[in-house]
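Here the structure is laid out as structure tokens; the discussion comes afterwards.
Every read-out reported here was derived from the displayed coordinates using simple, explicitly stated rules and does not represent laboratory data. As the structure is a prediction and not an experimental result, all values here were calculated from the model. Backbone-built Cβ (ideal geometry, glycine too); neighbour counts: all protein chains shown.
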């Protein structure tokens, strides 16, 4: 194992700060687009961290042996959750310092609904006020992050403490927390999906949206995991430890969630199309206008069909170069999918869905939103990485994991 590799967390912190600075400039120049871009970047990166949390819990609940090495990398990513919670604060500030309906229109009771009166007089809003309450909305955001941070800290503490004392109590504690965490994190992640994305167009509703958010988080996290492990193998720290059988297993999970995402996405579309209720169908109608139509086709063929056919092939799932390419591809498609689900909810002065590239400056705000949160995520990962063992050396199943070749 090589000891020459030395990560530089500060480099990623600099990139994160640069992205946040771009967003800050955007808040001053084009407040609405920059704020929505910031939201997209924050949700995209938070979904990676939440996917890592699910991976850790799934590992513990199944008492899996092959994924012990993989679990340690996921634990490092969990350290970003408190910082991502802090990055949510600018959205709160913009809402109350700039324009209350800037992002979530329903927060501005006097906002016009393009010929249908105001939000306050809207019957659909009135029927949903028990959930669409501003104070309850922000309380839920704080509560969600509190739940995620609690479980993240618990799993990290148990894992890192076991490196020192080797006590099995840490394993049992993590297993018990995983049983409760799978339920609580699933519920809070669903609430976040409803609040942060679905309530952007509060007329619309889908009972499957939370499950889509879960599938999306898992796909993003698995793509990042493949890239992380492939990078550490190439640089030396995991060379001879993380082998092609481990890679195959992570890639197979990525394949499984490709199918699951397609099933959920199609089912949501089919049920809404079949019911043909105006309060539901308009959401898809908006995404068949302008640039969103070709993007929807890209997602069907690029985010499902191509990865599905690609990862059906065993040799590709055991090759670091081929899976590095696929992981980058999946992560790019995942980001595009987040744009597809969020940005058309922003309406222009005529009530038409916002077109992604209506101004060249928009691309700068998109990049800033992703770089800001993404840089902070990688800074947190590498900072945690440098403070612990590369693998859980005293985990009771580490020997089985290291010998996982068949």
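Sequence-distant contacts, meaning Cα pairs under 8 Å at least 6 residues apart, place the relative contact order of region 302-406 at 11 percent. The Kirkwood hydrodynamic radius of region 99-157, based on inverse pair distances between different Cα atoms, is 13.4 Å. If you wrap the tightest convex hull around every Cα atom of region 88-210 and split its volume per residue, you get 112 Å³. Dividing the mean sequence gap of close Cα pairs (under 8 Å, 6+ apart) by how many residues the chain holds gives a relative contact order of 36 percent. Panel order for 83, 96, by other beta carbons found within 10 Å of each beta carbon, from fewest to most: 96, 83.
Backbone N atoms of region 47-62 closer than 18 Å to the 7 Å Cα→Cβ label point of residue 400 belong to residues 56-62. What translational diffusion coefficient, in µm²/s and rounded to a whole number, does the Stokes-Einstein relation yield for region 19-121 at 37 °C and a viscosity of 0.692 mPa s, taking the hydrodynamic radius as the Kirkwood radius over Cα pairs? Approximately 202 µm²/s, per Stokes-Einstein. Debye-formula intensities of region 329-368, expressed as log10 I(q)/I(0) at q = 0.17 Å⁻¹, are -0.51 (one equal scatterer per alpha-carbon, no solvent). Calculated mean residue ellipticity, 222 nm, the chain: -23000 deg cm²/dmol, from DSSP H runs (n ≥ 4) at -39500 (n - 2.57) each, averaged per residue and rounded to 500.
With a Cα-only, solvent-free Debye model of region 246-289, what are the log10 I(q)/I(0) values at q = 0.13, 0.19, 0.23, 0.32 Å⁻¹? Cα-only, vacuum Debye calculation for region 246-289: -0.43, -0.64, -0.76, -1.03.
Within region 250-406, the proportion of Cα pairs with more than 29 Å between them is 39 percent. Entry for region 181-279 at q = 0.10, 0.17, 0.19, 0.20 Å⁻¹: log10 I(q)/I(0) = -0.40, -0.85, -0.96, -1.01, Debye formula applied to identical alpha-carbon scatterers, no solvent contribution.
Working note: Cα atoms of region 125-173, range along each principal axis, descending, whole Å: 56, 15, 9.
Neighbour counts of C-beta atoms inside 10 Å place 273, 131, 292 in the sequence 273, 131, 292, starting with the fewest.
Computed over all pairs of different Cα atoms, the Kirkwood value for the hydrodynamic radius of region 213-269 is 12.2 Å. Taking other Cβ atoms within 10 Å as a rough exposure proxy, 270, 257, 231, 194 sort from fewest to most as 270, 231, 194, 257. Hydrodynamic estimate: the Kirkwood radius of the chain over Cα pairs, inserted into Stokes-Einstein at 37 °C and 0.692 mPa s, corresponds to D of 149 µm²/s.
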